[in-house]
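Below: the structure, in structure tokens.
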Amino acid sequence: MVVEDPFVSGLLRSLLTGQGYRVALASVSHGLELLRSAQAIPDLLITNQPAPFATMGDSLPLLYLAASPDPQQAAAFPNCSTLRKPFEPRQLLEAVRHLVESGVAVG
């Protein structure tokens with residue numbers, strides 16, 4: 001998960017770990033480094049900054065969180081769901097479940 005707001009990342013981590021998901025937090029630069037080195041291949045990337053990860057869009061499911069999502073940034077990810085802030089915890093969990101389990105984006 002690459003989310004710059006510590007409150008939001010803490011909330012997301014709490015919600016997701018409470019549902020049994022493993023969560024790794026990273027800065028944009030560290031996340032890119034991990035992905036490029038293949039040290040960590042996540043089932044899903046959750047971020048509010050998708051642009052730096054666009055070159056990996058074909059192989060990386062994305063949950064894009066933003067108050068005003070940029071459709072052009074989302075378009076780089078064929079398997080992308082977008083959640084507009086603020087969102088309900090159930091919306092987050094539903095989007096994560098669909099992306100991880102079925103590989104099909106919702107919304």
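Please treat every number below as a calculation from the coordinates, not as lab data. Keep in mind that this is a model prediction, so the values were computed, not measured. When we count neighbours, we look across all protein chains shown, and the Cβ atoms used for this are built from the backbone with ideal geometry, even at glycine.
Here are some notes:
- Mean sequence separation of contacting Cα pairs (under 8 Å, at least six apart), scaled by the length of the chain, corresponds to a relative contact order of 21 percent.
- Over the chain, dividing the summed -39,500 (n - 2.57) contributions of all DSSP H runs of at least 4 residues by the number of residues returns a 222 nm mean residue ellipticity of -10000 deg cm²/dmol.
- Residue among Phe53, Phe77, Phe87 with the largest mean-square fluctuation in a Gaussian network model of the chain, springs linking Cα atoms under 10 Å: Phe87
- Backbone HN-Hα couplings from phi across segment 53-63 [Karplus 6.51/-1.76/1.60, Hz, Gly and Pro as x]: 9, 4, 5, 9, x, 5, 10, 10, x, 10, 10
- Directionally averaged projected area (convex hull, Cα atoms, segment 6-102), nm²: 5.8 nm²
- Amide H to amide H distances under 5 Å link Leu83 with Tyr64, Leu65, Ala66, where only residues 5 or more positions off or on other chains count and H is placed in the peptide plane.
- Spin-label pair Ser37/Asp5, simplified geometry with 7 Å Cα→Cβ offset, distance in nm: 3.0 nm
- Residue of Gly57, Gly20, Gly31 that the Gaussian network model of the chain assigns the largest fluctuation, springs spanning Cα pairs under 10 Å: Gly20
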